[in-house]
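Written out below as structure tokens is the structure these notes cover.
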Amino acid sequence: MNIAIYPGSFDPITLGHLNIIRRTAQIFDKVVVCIMINGEKDTAMFSPEQRVRMARRVTERIPNVEVDYFNGLLAEYSKRYDKPVVVKGLRAVTDFENEFTMALINKKINPELETMFLTASEKYTFLSSSAVKDVARHGGPLEEFIPIEILDDVRAIAGKGKY
Ligand code: ADP
């Protein structure tokens, strides 16, 4: 079975992430969306539990996708699977620089681990979780950025104004 691991902070999951997940699910037998809890960005708005819950809700109708979380190194997590491939989305040159370095580091730690890149759909090249958080904090419209199933959650949490 060909397994893809799609790691990230997903704080929160966006339509750009979902686009990569759907496309990856058409290529691989199984996709594991892995919410990485280590290296927590200081700007995290959603707890790991909230992020997992939202990611599960928006992917529940895609049969070969599951959502997991991990506190540690991706190169270690990936050892749970037989020859998995790490999939990452590339939006711009800046993504490329970071992702290229990460892929090389992962390969140093786990030489069997391959990383593949999918180009972002042009509809979503502008979209990031940080942008979603900025818009949410200011009560702006989120319909074009995040899946409809999590609109209320994101609005409610962002609306608490702690961030
Ligand atoms: P962000 O950069 O939005 O905070 P993550 O750290 O959760 O997101 O990113 C996880 C993966 O998803 C990374 O490979 C990132 O490049 C990719 N990604 C994020 N947003 C998009 C998008 N709009 N289109 C395609 N890929 C994306």
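The values are calculated or read from the model by the stated rules, or taken from the named source; none is laboratory data. Only a predicted model underlies this, so the values are computations on that prediction, with no experimental measurement involved. Backbone-built Cβ (ideal geometry, glycine too); neighbour counts: all protein chains shown. Accessible surface areas use protein heavy atoms only, side chains included; no ligands, DNA or RNA. Shrake-Rupley method; radii C 1.70, N 1.55, O 1.52, S 1.80 Å.
Taken together, Ile27, Ile105, Ile5 contain a single residue that is closer than 30 Å to Val135 by Cα and either open to solvent by less than 90 Å² (accessible area, probe 1.4 Å) or touching a strand residue (DSSP E or B) at 6+ places or on another chain (Cβ under 8 Å) (or both), which is Ile5. Determine whether the stretch 70-87 contains at least one residue that is closer than 24 Å to Glu143 by Cα and in contact with a Leu (Cβ under 8 Å, 6 or more places away or on another chain). No, every residue in the stretch 70-87 fails to be closer than 24 Å to Glu143 by Cα and in contact with a Leu (Cβ under 8 Å, 6 or more places away or on another chain).
Could you list, in sequence order, the residues of the stretch 72-96 that are over 19 Å from Ile27 (Cβ atoms), within 15 Å of the ligand (Cβ to nearest atom) and touching a helix residue (DSSP H, G or I) at 6+ places or on another chain (Cβ under 7 Å)? Within the stretch 72-96, Leu74 is the sole residue that qualifies.
The numbered conditions (1) more than 10 Å from the ligand (Cβ to nearest atom); (2) under 13 Å from the mean Cα position of the chain (by Cα) are all true for Leu18 except (1). Per the listing Gly72, Gly139, the residue uniquely more than 20 Å from Ser9 (Cβ to Cβ) and among the small types (Gly, Ala, Ser) is Gly139.
Listed here are the residues, each with its yes/no results for (1) in contact with a Phe, Trp or Tyr (Cβ under 8 Å, 6 or more places away or on another chain); (2) within 15 Å of His17 (Cα to Cα); (3) more than 15 Å from the ligand (Cβ to nearest atom).
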| site | (1), (2), (3) |
| --- | --- |
| Asn98 | no, no, no |
| Met102 | no, no, no |
| Lys107 | no, no, yes |
| Pro111 | no, no, yes |
| Ser121 | no, yes, no |
| Thr125 | no, yes, no |
| Ser128 | no, yes, no |
| Val132 | yes, yes, no |
| Gly140 | no, no, yes |
